[in-house]
Every structure is written in C-alpha cells, then in structure tokens.
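Undergrad: Pasting a structure below so you can have a look.
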Amino acid sequence: MFDLTGKNALVTGASGGIGADIARQLHAQGATVGLSGTREAPLEALKAELGDRAHVLPCNLSDLEAVDALPKQAAEAMGTVDILVNNAGITRDNLFMRMSDDEWQSVLNVNLTATFKLCKGVMRGMMKARWGRIVNISSIVGATGNPGQANYAASKAGMVGMSKSLAYEVASRGITVNVVAPGFIATAMTDKLNDDQKAGIMGQIPAGRMGEPGEIASAVVYLASTEAAYVTGATLHVNGGMAML
Amino acid sequence: MSDVADRVKKIVVEHLGVEEDKVTENASFIDDLGADSLDTVELVMAFEEEFGIEIPDDAAENIQTFGDAVKFIKEAS
C-alpha cells in the first residue's frame, strides 16, 4: 500500500517540524524528495539523514521570483515533479485592529501566493504525465478562525478554495488536489505558546493531546498515493477532534 | 499544405481524437472539434514543444481555430 517508488516529490518548508516528517515519510514509501526551505543547514542535515533520493532546493518563498524558479530547479534535480506538498507557512500575528498592511501581505504572499505559483509551475509536467498529486497544508484556523490570526486564517482558507477550484479543472487529467488541515501540532510554531495558552487549547481537544508531525505526514502520504486517486478537492482535518468538520 | 500545417494537424488529431478531414482552416477547437478549455491549454503546450517556441498566455487566448494556430506558429518560428 501507498508505494511511491519512482515518484518525485517537492516539499516546501522541509526545514520545519511538519515538513521534515512529510519528507521522511514520502521518502520511506520510496519517493525521491526535493527538500525546499529557507534555511539550508537543516535541509542538508535532513538530506544526510535520508541518504539517497534526496535533493536540497533552498528557496525563500517570500521572494516571488525565487518561487517561480523553484519548480524548474526541482525538475532539473529530480527529472519531474509528480507530487507537490505546499507545506511552508509563516505567521505574523496581531490583533486585526493593529494589523499592518505588511503583516497582512507578507503572510498572504508566502502562504497563498507562493502556493498558487508552485501549483502552476508543476502543472504542465503533471498534465503531460496524466498523473499528479498536490497536497496543500492548510490549518484548522482556516476553517474556524482564530483571534490574532486574520492574515494567517485568510491565507489558509484561501488555500482551500484555490485547491478545490484547481481540483475541478485538472481532475480529468489524473491529477488530484487536496488539503490537509492540521490542528495543534507539537512544533516550533506551537512551542511559542505559553503554558496557559497550551492548557486552554488542550481543553478543546477531545484526544487530550497535541498532534505529532508524523500524524500530518501520514495523511499526506495517503493523499499522495495512487490508492487515493478518487479523492480530490477534499480537506482532511487532522486535529484530534478539535473541530469536526 | 505546408509542413507547419501538417505538424499542427497531427497534434490536433492525436490530442483531440478527431478525423483528419475535420481539421480545416476555420475549424474551431472548442466549437467544432470538441475540445474543452483545458484541451486548448494542452494543445498550446504541445505546439510550444513541437516548434520550440513560447506562446504567451494573451496570444494563446487568440488561437481558437486550426488556421489561427498555423498562422501564429509560422510567424513565431
């Protein structure tokens, strides 16, 4: 099940907690992985850990010209891009009334516009191959909203609408476009929360714990697989029951 | 018929699965040859590769018939 031998996967944000585990699990299923991220050192460390079938493709997604170049670099390194996982994301939290245009725009650029550009950049190859998998990593807050995160929530909800629209357009070409929406996952991003915040969140999670990055990665592996060919335009919520959508 | 037209016709016949004699000068990909809008995108991609040219999006939108395609490619290559 879920054998990805011979498939080439580009993962953005592979230097982060969730992205690294997504790359690890795709690689474990036999895929060749292109590891993209802003910081090169963790990418090199991950490549060293994985061994063969791993390529480091540094890219700063807030530089939209660099984003345009990434699909080509990935195709040059791996031959094709069969699986694209748009996992990279940033937060710049602030109360809505205090949120600056820059805080708004920078989050939209990285989380939504870069995702759009990368999807577009890999689409030609997937259409020719009549096979492709796009998995966009959204967030529970894209569906529920979250105070202080109007920009982040907008970008993550935008991702869902974009993914569904693209899924319609390319379904007949053997390409699926799906979304994984993590709840609260133990990563550097959620480490920033204080104990009170964490306790408050815990009370809202029926599973009674934060999720692990590997639990997001497993959902991505499923949606990237040949077995998931009939699943498209879906949002898979992985949140311990925090929001049953 | 020119070489360019022959090569374009071959791509159209293969991609859309239509009879060769249906691919006439004024045949519209969408209205006459059964293409959907994504087919026209794929046809343009195939023309770009066959002829080693780049067809910008605004030009691609104006390529609606077999004749349009042949004319554009002759001018571009």
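Undergrad: Go through region A:65-114 and give me each residue that's open to solvent by 50 Å² or more (accessible area, probe 1.4 Å) and assigned to a helix (DSSP H, G or I).
TA: Those that are open to solvent by 50 Å² or more (accessible area, probe 1.4 Å) and assigned to a helix (DSSP H, G or I): A:Glu65, A:Asp68, A:Lys72, A:Gln73, A:Glu76, A:Phe96, A:Met97, A:Arg98, A:Asp101, A:Asp102, A:Trp104, A:Gln105.
Undergrad: For region A:202-218, which positions are assigned to a helix (DSSP H, G or I) and free of Cβ contacts under 8 Å to residues at least 40 places away in the same chain?
TA: A:Met202, A:Glu215
Undergrad: Let me ask another. Do any residues in region A:125-148 that are under 30 Å from B:Glu14 (Cα atoms) and open to solvent by 20 Å² or more (accessible area, probe 1.4 Å) have Cβ atoms under 6 Å from those of residues that are basic (Lys, Arg) and assigned to a helix (DSSP H, G or I), where the two are at least six apart or on different chains, and which pairs are they?
TA: Filtered contacts from region A:125-148: A:Arg130/A:Arg173.
Undergrad: Let me ask something else about it. If you go through region A:166-176 one residue at a time, do you hit one that is among the polar types (S, T, N, Q) and farther than 26 Å from A:Ala69 by Cα?
TA: yes
Undergrad: It is to be established whether one or more residues within region B:47-56 are away from chain A (no Cβ under 14 Å) and assigned to a helix (DSSP H, G or I).
TA: Yes, the conditions are met somewhere in region B:47-56.
Undergrad: Suppose we filter region B:26-44 for residues that are acidic (Asp, Glu) and either on the phi > 0 side of the Ramachandran plot or open to solvent by 30 Å² or more (accessible area, probe 1.4 Å) (or both); how many remain?
TA: The number of residues fulfilling the criteria is 3.
Undergrad: Out of region A:38-59, which residues are assigned to a helix (DSSP H, G or I) and under 19 Å from A:Val81 (Cα atoms)?
TA: A:Leu43, A:Lys47, A:Leu50 - these are the residues of region A:38-59 that are assigned to a helix (DSSP H, G or I) and under 19 Å from A:Val81 (Cα atoms).
Undergrad: Read through the list (1) outside any helix (DSSP H, G or I); (2) within 18 Å of A:Ala228 (Cβ to Cβ), then give the number of the only condition that A:Gln25 fails.
TA: Of everything listed in (1) outside any helix (DSSP H, G or I); (2) within 18 Å of A:Ala228 (Cβ to Cβ), A:Gln25 misses just condition (1).
Undergrad: Answer yes or no as to whether B:Ser77 is open to solvent by 70 Å² or more (accessible area, probe 1.4 Å), within 14 Å of chain A (Cβ to nearest Cβ) and of a type in the set (Gly, Ala, Ser).
TA: No: the conditions fail for B:Ser77.
Undergrad: Conditions first: (1) within 14 Å of another protein chain (Cβ to nearest Cβ); (2) of a type in the set (D, E, K, R); (3) out of contact with any Leu (no Cβ under 9 Å at 6 or more places or on another chain). A:Glu103 passes all but one, so which condition is the exception?
TA: The failed condition is (1).
Undergrad: Could you list all residues from region A:164-189 that are open to solvent by 20 Å² or more (accessible area, probe 1.4 Å), more than 14 Å from chain B (Cβ to nearest Cβ) and either of a type in the set (S, T, N, Q) or not in a loop (DSSP other than H, G, I, E, B) (or both)?
TA: Listed by number, the residues that qualify are A:Lys164, A:Thr187, A:Ala188, A:Met189.
Undergrad: What number of residues in region A:194-214 are acidic (Asp, Glu) and either modelled with pLDDT under 95 or open to solvent by less than 70 Å² (accessible area, probe 1.4 Å) (or both)?
TA: Qualifying residue count for the region: 2.
Undergrad: Out of the residues in region B:7-25 that are part of a helix (DSSP H, G or I) and open to solvent by less than 80 Å² (accessible area, probe 1.4 Å), state the one that is farthest from B:Asp39 (Cα to Cα).
TA: B:Arg7
Undergrad: Does region B:4-17 contain at least one residue that is farther than 22 Å from A:Met127 by Cβ, away from chain A (no Cβ under 14 Å) and in contact with a strand residue (DSSP E or B) (Cβ under 8 Å, 6 or more places away or on another chain)?
TA: No, every residue in region B:4-17 fails to be farther than 22 Å from A:Met127 by Cβ, away from chain A (no Cβ under 14 Å) and in contact with a strand residue (DSSP E or B) (Cβ under 8 Å, 6 or more places away or on another chain).
Undergrad: Right, here's the next one. Within region A:144-158, is even one residue of a type in the set (Val, Ile, Thr), touching a helix residue (DSSP H, G or I) at 6+ places or on another chain (Cβ under 7 Å) and either in a loop (DSSP other than H, G, I, E, B) or modelled with pLDDT of 95 or more (or both)?
TA: No, the conditions are met nowhere in region A:144-158.
Undergrad: Name the residue, out of B:Phe47, B:Phe72, that is under 10 Å from the mean Cα position of the chain (by Cα), open to solvent by 40 Å² or more (accessible area, probe 1.4 Å) and free of Cβ contacts under 8 Å to residues at least 40 places away in the same chain.
TA: B:Phe72
Undergrad: Kindly provide the set of residues from region B:26-39 that are touching a Lys or Arg at 6+ places or on another chain (Cβ under 8 Å) and assigned to a loop (DSSP other than H, G, I, E, B), ordered by number.
TA: B:Asp32, B:Leu33
The values are calculated or read from the model by the stated rules, or taken from the named source; none is laboratory data. Quick caveat: nothing in here was measured; it's all calculated off a predicted structure. Don't worry about glycine lacking a Cβ; one is built from the backbone with ideal geometry, like all the others, and counts go over all protein chains shown. The accessibility values were calculated without ligands, DNA or RNA, using every heavy atom of the protein model including side chains. Shrake-Rupley method; radii C 1.70, N 1.55, O 1.52, S 1.80 Å.
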